Structure formats: structure tokens, C-alpha cells
1. Give me the Kirkwood hydrodynamic radius of the range 88-144, using the inverse of the mean 1/r over all pairs of distinct Cα atoms, in Å to one decimal.
2. So what is the 222 nm mean residue ellipticity for the chain from helices alone, if each DSSP H run of at least 4 adds -39500 (n - 2.57) and you divide by all residues, rounding to the nearest 500 deg cm²/dmol?
3. What nm value, rounded to one decimal, do you get for the distance between LEU22 and VAL47 when each label is placed 7 Å out toward the C-beta?
4. In nanometres, what is the gap between the two model label sites at SER91 and PHE130, each 7 Å from Cα along Cα-to-Cβ?
5. What's the angle, to the nearest 10 degrees (0 to 90), between helix 152-161's Cα axis and the longest principal axis of the chain?
6. What are the semi-axes of the equivalent ellipsoid of the range 37-140, taken as the square roots of 5 times the eigenvalues of the Cα gyration tensor, listed largest first and rounded to whole Å?
7. How large is log10 of I(q)/I(0) for the range 1-79 at q = 0.25 Å⁻¹ when the intensity is taken from the Debye formula with one equal scatterer per alpha-carbon?
8. Ignoring ligands, DNA and RNA, what percent of the 1.4 Å accessible area of the chain is carbon and sulfur?
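The values are calculated or read from the model by the stated rules, or taken from the named source; none is laboratory data. Keep in mind the model is a prediction, meaning the values are calculated, not measured. All Cβ positions, glycine included, derive from the backbone under ideal geometry; neighbour counts span all protein chains shown. For accessibility, only protein heavy atoms count, side chains too; no ligands or nucleic acids. Shrake-Rupley method; radii C 1.70, N 1.55, O 1.52, S 1.80 Å.
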Amino acid sequence: SFLTVALGGLAIGVFYGLLTSLLTRATKGVRIIEPLALFCGGYLAYVTAEMVHWSGIISLIGCGLVQAHYAFKNISAESRITVNYFIKMLSSTSDCIIFLYLGMSWFTNNHVWDSGFIMWSIIFTLLVRFVSTYVLAALVNWLRGHIHPITYSEMFVMAYGGLRGAVGFSLVITINPEHVQHSFMMVTTSPRLVRFLQMV
């Protein structure tokens, strides 16, 4: 089931990415619709994958990879600038909305405080993130044969910079309390974890 969901979503994304790439080859006279074609391709990839209960996120990633490789070469420089700035604006807006929701959740959810769970969550999050980043970066250095090796300072930046609290909170808020007994404790812990990681 996991392979079907992941590979099916990827196939849908690649299909829409190729369709967008073919469409942008025919937009030489109407450059104004190029950004719209790219955004609609990504949105349709996500919606189609979700309709058949496959991974919409993987579909969106597949579509974006194909568009970046093919469709971006077909569009004008102005359309490329428009797409880049719109994506940055959308990313910042989404980040703000998630953090606003995180603040509002304090007043809307049932909370179960457990200091031990919060402390161990912080310790294990930092530990797993740093260990996995350093091990994988060392593996990449070894496989690339020392072609521009990743330095220890770059590894630290990757390990710490990749700690995205908004994503963790978005995932924990979707837990169904009927299926997970301690879901309210997890919802209470995640904003504390996010706040701590931002302060460090």
C-alpha cells in the first residue's frame, strides 16, 4: 500500500509536470498565462492524487521537479521572476498562518501537561536530528569521493536549520484522539518544543 500510494502519487505528479512542460512550449505569444499554467499544474497534481487517495505531497514534489527541469526552460524571464516571488510570498504567508494557528490552539484544545514528556521530546528531537544529519553528510562525503566535502559547520547549519516546528505542529494537530490515547499531551508538547527550538 505504501509503494502504491507513493509511486502512484509520483506518477501523477510527473504526468502533470510533463503536461505543463508541453503547454509552456506553446505560450510564446501569450506569456501572461505561463505562471498560471505552472501553478495550475501543481494544484491539479495535488488534487488528482488526493482524489484517488494517493500521496498529494509526493505528487506535488514530482510535478515541481519535472517543471523545474523542463517547464522553467520554456517560460520567459519575467514569468520566472513572477513565479519565484509568488512562491516566496505564499511560503511566508503559510508560515505565518501556521504559527497563528499554533498560538490559537492554546485556547481551543484540551491540554495535558507532562514535563517529562516535553523534556524527553526536546532531547530526542535534537539528538536524532543531529546524529542523522552528521551520519548522512559523512556518507555523502564518502560517496562523492571528497569532491567539495560538506564541512562540520555546514553540517551543523543543516541539522539546526532543518528543525521546522510548524510542520511538526501541523502533523500533531491532525492526530485523532479516538485512535491515540495521549493525543492531547502531544498537542500540548509540540508548541513548547517549537518555542524551545526557536529560542536555542
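1. Values: mean 1/r = 0.0672 Å⁻¹.
That comes to 14.9 Å for the range 88-144.
2. Working: 8 runs with 148 residues, N = 200.
Helix contribution divided over all residues of the chain: -25000 deg cm²/dmol.
3. Going by the 7 Å Cα→Cβ label model, 2.0 nm.
4. 2.6
5. 80
6. On the way: eigenvalues 239, 95, 51 Å².
Computed over the range 37-140, the values are 35, 22, 16 Å.
7. Summing over Cα pairs of the range 1-79 leads to -0.99.
8. 73
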